[in-house]
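A short write-up of the structure that comes next.
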Amino acid sequence: MITHIKVSLFAVCTMLLFATCNLNAELIAIPALKSRVTDLTQTLTTDQQSQLEAKLKAFELAKGSQITVLIVPSTRPEEIEQYSIRVVDTWKLGREKQDDGILVLVAKNDHKVRIEVGQGLEGAIPDLIAKRIISEVMSPSFKQGDFYGGVNNAVDKLMDLTSGEKLEPSPEVRHTNMSFDNSLALFVIGCIVVGAFLSSILGRLFGAGATAGIIGGISWFILGTLGMSIFVAIMAFLFTLVMPYLFDGTRGDGTYSSGSYGGGFGSSNDSFSGGGGGFSGGGASGDW
Amino acid sequence: MQKIYFKLFVVLLLLSLSGCGYNNFQSLDEESKASWSEVLNQYQRRADLVPNLVNVVKGYAEHEKDVLTQVADARSKVGSMQVTPEVLNDPEAFAKFQAAQGQLTSALSRLMAVSENYPNLKADQGFRDLQAQLEGTENRITVARNRYIETIKVYNTAIRSFPQNLTAMMFGYKTKPSFTVENEKAISIAPTVDFGYKK
């Protein structure tokens, strides 16, 4: 009987697995963001790619805005708009808060092209300007098979337009967050180090109590307010008590650790990543 | 000494509140309101485009009165609707809103289809710009709607799963309506292909 249930359970699990696999297989995967120019069709030569890459890199260093080019064979079964928004939601081009990223997406076999404009640049590059760049710059070149020329000229146009937009040079808005995070990190690390040490000597309950006393004392020394440090001490007590369970292999995934600081330009070396910019579907699509 | 007990009590209360999802509801509720505002914002953007579009098309295709009046009617219906964040708590009003916007969507797509028949209109730069803007706006609406659906999914799941549903019941948080496919009926009916072989 039990084996029967086990078998059917196994069957259900396998079916579920296949179901999820199928769901994922239906859509075109989003390539990893490694460089500013990603060509999955080998349309551009290595020379052309590195030239574009260098130009875009120089522009990003000067202005801060991130422009990237992606050439894929096809976006089927999705429309180019749907695929494009998935790509930029994953890549997060442009700086956080400035939202100044642009994606130039070419679906070569579909004969479709899209310029996806970040929220912060929708003023500098309205939809109809993006549409004109596609119909007047890209389509004519693409029709003649000159993909590099079309992309290159479009990128030049986009850089011109972006240069006209007044963007803040480098956002320094993360300081308050950082200091709070630092003190939190200090608290946690302090609890772990002191708590683990004292618990091993005094036992779990007394160890936690002693840790709470020490942490509370230190925070009283730093903060100067008794109420707050009592609060910190209680938190330390609880934290030290539950700590062994936390690190027992059943840790929750740290949803808060990533995302909010998704920034960090990899401009100093070869690795490259998006800065956390947001998109809301601005831009235009066209064909040739 | 009593003060400390009181503080301890407050801390425990706070912890229990965040433990049972109350704080989570707050942020999810705000998030869903924000994404709803974005949806409204983009619909408004489209409604603002319509008068110009109708004017340009009228200049070239005057005898397409049917389609033009349909667009104008749908536009005025959308414009007359009172849309407040409270619509989110009223599934009926939400359905009405969706129906009105859907009507404008189909009227506009008919207008665009009709305009294909007028080469002069298609060549007009003003019309092409408006067309680009309309396309862009429709795309933004799609994106905003999808994001709204995503946030509502998280919100509704949070509200309905145990034990947060107890908190939700206590504080009167209800599930919010989400967008559905507009032409559900039209999709489910197979199209009839008629080659004119009728006897």
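Listing for the model above:
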quantity	calculated
Under 12 Å, Cβ to Cβ, from residue A:52 - net charge with Lys/Arg +1 and Asp/Glu -1	-1
Cβ-defined net charge surrounding residue B:75, 12 Å radius [Lys, Arg +1; Asp, Glu -1]	0
Loop GluC sites (Glu not before Pro), segment B:99-146, which have at most 13 other Cβ atoms in a 10 Å radius of their Cβ (DSSP)	B:116
Whole-Å distance, taken between Cα centres, linking segment A:68-94 and segment B:91-168	20
Neighbourhood charge, 10 Å Cβ-Cβ cut-off, centred on residue A:131 and excluding it, Lys, Arg +1 and Asp, Glu -1	-2
Label-to-label distance, nm, for residues given as residue A:47 and residue B:23 (7 Å Cα→Cβ offset)	6.0
Under the Karplus curve 6.51 cos²θ - 1.76 cosθ + 1.60, θ = phi - 60°, whole-Hz ³J(HN,Hα) for segment B:115-131, x wherever Gly or Pro sits	5, 4, 7, 10, x, 5, 5, 5, 7, 5, 5, x, 5, 5, 5, 4, 4
Proxy reagent accessibility, fewest Cβ within 10 Å first, across A:229, A:74	A:74, A:229
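No value in this document is a laboratory result; all are computed from the given coordinates. What you are looking at is a predicted structure, and each value in this text was computed from that prediction instead of being measured. In this analysis, Cβ positions are derived from the backbone assuming ideal geometry, glycine residues included, and neighbour counts consider all displayed protein chains.
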